[in-house]
Structures are given as structure tokens and as C-alpha cells.
1. Of the conditions (1) of a type outside the set (S, T, N, Q); (2) on the phi > 0 side of the Ramachandran plot; (3) at pLDDT 80 or above, ILE356 fails just one. Which one is it?
2. Only one residue in GLN33, GLN83, GLN89 is in contact with a helix residue (DSSP H, G or I) (Cβ under 6 Å, 6 or more places away or on another chain) and either β-branched (Val, Ile, Thr) or closer than 26 Å to LEU162 by Cα (or both). Which one?
3. If I ask for residues that are surrounded by fewer than 16 Cβ atoms within 10 Å (Cβ to Cβ) and more than 38 Å from the chain's Cα centre (by Cα), which ones from the stretch 410-434 would you list?
4. Residue under question is THR308, and the condition is that it be surrounded by 16 or more Cβ atoms within 10 Å (Cβ to Cβ) and outside any loop (DSSP other than H, G, I, E, B); does it hold?
5. Which condition from (1) assigned to a helix (DSSP H, G or I); (2) free of Cβ contacts under 8 Å to residues at least 60 places away in the same chain; (3) crowded, with 16+ Cβ neighbours inside 10 Å is the one that CYS243 breaks?
6. One residue is enough: does the stretch 160-183 have a residue meeting the conditions surrounded by 11 or more Cβ atoms within 10 Å (Cβ to Cβ) and either in the same structural domain as ILE404 (by the TED database) or in contact with a Leu (Cβ under 7 Å, 6 or more places away or on another chain) (or both)?
7. Quick check on the stretch 112-148: of everything there that is without any contact (Cβ under 8 Å) to a residue 60 or more places away in the chain and among the aliphatic types (A, V, I, L, M), which residue is nearest to ALA24 (Cα to Cα)?
8. Quick check: anything in the stretch 340-348 at pLDDT 80 or above, in the same structural domain as PHE435 (by the TED database), in contact with a Ser or Thr (Cβ under 6 Å, 6 or more places away or on another chain) and assigned to a strand (DSSP E or B)?
Amino acid sequence: MKLTFKLTAIVILTPLFLIPGVAALAAGYTCAQIYLKSQMSVKREMSVAKSPVLGHFGATVACLASIRAYGAQEMVTEELLRQVDKYSQSSRIFYNLQQWMAIRMHVISALFIGSLTWYLMYVKKDTASNTGFSINMAVTFTSAIFGWIININMLEGQSMSLERIDAYVQIEQEAKPTEQGKPPAYWPASGELRVENLSARYSPEGPEVLHQLSFHIKSGERIGVIGRTGSGKSSLALSLLRCIYTTGEVIYDGIPTSSMNLDTLRSSITIIPQVPELISGTLRQNLDPFGEVDDLMLNGSLRAAGLTALQDHFTEDEDKITLDTTISGGGSNLSVGQRQIIALARALIRRSKLLILDEDYKTDTIIQTSLCHELTGSTVITIAHRLQTIMDSDRILVLDAGNIVEFGVPADLLKKKGGKLRALVEESNEKNTLFNLVRAVY
């Protein structure tokens, strides 16, 4: 509308410039088409290249201690520079495109305004007022063309956000709850777990990380899962919760988990990861978000989980954790051990029949003691990173490259010459302690 008004004002005073005005508009439109098509793809490349830079920088800041401990400063710096170079390439091309468009708009503007001024002053010899008005309209006319291109550029740039939103909408989602997926009200009555030919992978086209696993765990058993790095310990825990793609059957207390709603399955199993997540708020809100339990039970669960034992060495000047203690987002103001004990306290409140524990070095003794006394009727699966944690388990499951290589009572497995568990114990610095621990228990 603005472009039409300004061109009309020029044509009324100088009809001859209808054709140059339309030509200037057409030239600007042609350049804009070339520019917009080019800059959209470049801008998309910039957006894709920018995320790794920010992600790498954030990960570097979060892991500074580990980077320094392993002397990986040079490697991390080189990777950051490589990501920055990749982003700078697309950023430089985008800047050059802007300069390309600006030069052409200035040339179109100079030609149109210069020719109009020359015609009005030397050919038509119009009055000063008409000449000044026409030149002013010509300047704003070409500026309006440039502004129109900028507005279209901004509109298309913002439409990239819609593309990303659409991409998120199209992401495959987990199955919605259904009436058929609800188990009976009494379920789960026990922690019995039967796994039949379980295979798992992290993507539909990805390689299998678990291969045809079959085992049976009785209700109330304490099972230790051990294996070298990459053997599939964490993948097994995720597959039991249906967090990754699985085939085969997992039967929990007589009902196949594949036939039940995900929210029901996951709410009936408690998992304590190595680094539990906590919400921002008080400890009371973290333990009981919906306010269903009184403070007496909450304090009892914390005591049973071992928080009191963990804080026994605190001095009077140190702040002890209470139900009113403020927890930062993610539990960043607590140690990993304290977070894990809080997660165990949540499990004690829920009284889950099946508990999956990813043990931690600093608090595993406290947690294992709490499990022995407080969750006697629950099935506990401990993913061990230290052999000493699971040597008193009822049975031990040994994984290797996604396969079960051994499953049995620790004392029996240690008697096998050439057995995997025995090999792990023989390689350990705590060999004598581990053998003595097994003899004491069995």
C-alpha cells in the first residue's frame, strides 16, 4: 500500500516515470526472490550449526573438573573451535548475502533517484517545490522496497520456528493410556518378574543392545546385575520400563508389561539412578508432591533410607537436611549421595514391589543396609559398578555384550573355573574381601 501511494505521487507530477518506477519495483522484487531463497537455506544451516556450539560449551562448563582430571583440555578446545568454525562458515555466507542484497538495492535506488532528479532539473525544469517533493517520494519509495524485503525476510525467518514446532509435533510419541491397558486393582501383589526372549535397541533401525534375554526372578529376591562397560546393564533397566524399543515378553506379577499402560507400569516400578532428578521446592514436596503422606511418615522414610546415618558426621554449624530444606532445580545444591538417599526415601514411601537400583560408591553401604531392613518383601535389582555391592545378593546376573553369560547364586558362580564372575573377582583389587564376603553369607 505504501509503495503504491509513493509511486502514484511521483507519477502524478512526472507521468513519464511510471515505467522506471515499475522497473525499479520489478528489479527489487527479482533481487528479493533470489536473496530470500538463498538466505533461508543458509539461515537453516546457521540454526543447525549453532546448537552444537552452545551444547558443547554448556557440557564443557558442567564437566570442567573431569576435563582437567583427564587432561583433555586440548581435545575439548579443538572440538569447540571445530564447531565454531562450522558455524562461522554459514554465518559468513549469510553476512555476504546481506551485503549482496544491500549493494543491489543501493544501485537500484541511486539509478532511480538520479535519473528522476536529472529529468526534473534539466529536462522538465520543474519548480523547486515539485522537484523536492518528487525526489523525497523517490527516496522513500526505494526505501519502502527495501523495507518490504526486510519484512518478508523476517516473516520467513520466523516461519522457521513453525517448521521446528511441526518437526516436534511429528516426532513419534509413546502410546496413550487406554481402558484395556489398566491392570486389576490389586496389581502388583508381588515383585515376581519373568523375562522371555527380550531384545532391545535404542532406535527402530539401530543395532540390538540386548539379545534374547530370558530369566526368572522370584518375588522378594535381591538380584545383582554385573558386567563390563557396554555390557547392557543400563539397557536392561530401560527395557524393563519400556523406555527403549523392545521385543519379547516381560511379565511382571503375571501380566505382560507390553499390554499395560506405560504410566501404570512406570508408576509401579521405582528406579534409583546414579544421579536422581529432583524438582525445585522443599524436600517435603520432592518426597510427596501431591501431599498424600503426613510428616511423620516422611521423616521415617528419610531415617530408614539412611539420611540420619549420612549426617552423623556433620558438625553443629553445618545445615542438616530437613523436610523444609529448599531443593534447587535438579538437586544441584545436594551431593549425589544425598540425592540418591532422597530417591530411596521416595521408594520407601511408595512401597514398590520392584525396585531398580543403580548403586553409587559413596552411599551404597547405607542404601544396601536400608534395603535389607525396609524393603524385605520387595524385589530389588541392583545394577552394580562395584562387586562388593552385590556379593551378598540372592543371585547374580552377569551380562556380556548384551547376553546373559551367567545367572546364579554367587557362591556357585565363584566355584566355576573360567566363569565370568570369578574372572571379574580375580581381576579385582578386593579379591580376598569378596571371597570372604561370599563365605560369610553362604
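The values are calculated or read from the model by the stated rules, or taken from the named source; none is laboratory data. Owing to the predicted nature of the structure, the values given are computational and were not obtained by experimental measurement. Note that we place each Cβ from the backbone using ideal geometry, even for glycine, and neighbour counts take in every protein chain shown.
1. Going through (1) of a type outside the set (S, T, N, Q); (2) on the phi > 0 side of the Ramachandran plot; (3) at pLDDT 80 or above one by one, ILE356 breaks only (2).
2. GLN83
3. Across the stretch 410-434, the qualifying residues are ALA411, ASP412, LYS415, LYS416, LYS417, GLY418, GLU426, LYS431, ASN432, THR433.
4. no
5. Every condition holds for CYS243 apart from (1).
6. No.
7. Step by step, filter the stretch 112-148, then rank; the result is ILE113.
8. Taking every residue of the stretch 340-348 in turn, none turns out to be at pLDDT 80 or above, in the same structural domain as PHE435 (by the TED database), in contact with a Ser or Thr (Cβ under 6 Å, 6 or more places away or on another chain) and assigned to a strand (DSSP E or B).
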